[in-house]
1. Would you say residue 64 is more than 28 Å from residue 145 (Cα to Cα) and modelled with pLDDT of 90 or more?
2. What is the residue count in the range 91-112 for residues that are in contact (Cβ under 8 Å) with a residue 24 or more places away in the chain, out of contact with any Phe, Trp or Tyr (no Cβ under 7 Å at 6 or more places or on another chain) and open to solvent by less than 50 Å² (accessible area, probe 1.4 Å)?
3. How many residues are of a type outside the set (Val, Ile, Thr) and free of Cβ contacts under 8 Å to residues at least 12 places away in the same chain when one looks only at the range 113-131?
4. Hey, among the residues in the range 120-145 that are open to solvent by 60 Å² or more (accessible area, probe 1.4 Å) and assigned to a loop (DSSP other than H, G, I, E, B), which one's modelled with the lowest pLDDT?
5. What residue, of 104, 117, is assigned to a loop (DSSP other than H, G, I, E, B) and under 23 Å from residue 49 (Cα atoms)?
6. Considering the range 34-80 alone, what residues qualify as being surrounded by fewer than 23 Cβ atoms within 10 Å (Cβ to Cβ), in a strand (DSSP E or B) and polar (S, T, N, Q)?
Amino acid sequence: MRILRVVIVTLAVPAVIAASALIGPAEAHAATKTIGDCDIIMEVPHASGHNRGSVSVDPRIKCKTPQRYLGVSAVLKRKFPGSQYTWEIPAKRKGENVNYMNATPNEPCQKADYHATADFLIVDNNGVRHEEFGYISVTKSNPCSLP
């Protein structure tokens, strides 16, 4: 039964991320998965509220207590409509004995299609490693609404 739950949870998270594309922009901001006392948060690419004129995504881990190790690796991917090429903007961060970690790739706004991928790693205080790799956000076209 435990294996079945893991499979259901593993399949449910991408479905939640994909389903968020069908709802309004305010509700489609992020998908969350809980592991122990930590939340893994995967955002949809959006116009940055912190760095005006930029598009960004902020995948992150938020825990109630400091963990032995947290790591986040993310890539913001941009593709111009009609192009066969994808540009990648990477970000990577890690920390020990922390309860929050993020990796925020960003770039100046461009009229393009964006999506992000992210990998998350938690090593809890018992030394147990929790890997959540291969998260993919929904694609957001022209998140800065450029003319």
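The values are calculated or read from the model by the stated rules, or taken from the named source; none is laboratory data. Because the structure is predicted, anything quoted here is derived from the model rather than measured. Cβ atoms come from the backbone with ideal geometry, glycine included; neighbour counts cover every protein chain shown. To get the accessible areas, we keep the full protein, side chains included, count just its heavy atoms, and leave off ligands, DNA and RNA. Shrake-Rupley method; radii C 1.70, N 1.55, O 1.52, S 1.80 Å.
1. In short, yes.
2. 8
3. 2
4. So, considering only residues that are open to solvent by 60 Å² or more (accessible area, probe 1.4 Å) and assigned to a loop (DSSP other than H, G, I, E, B), the one modelled with the lowest pLDDT is 145.
5. Checking each option against the conditions leaves just 104.
6. If the condition is that a residue be surrounded by fewer than 23 Cβ atoms within 10 Å (Cβ to Cβ), in a strand (DSSP E or B) and polar (S, T, N, Q), then 34, 54, 65, 73 are the ones that fit.
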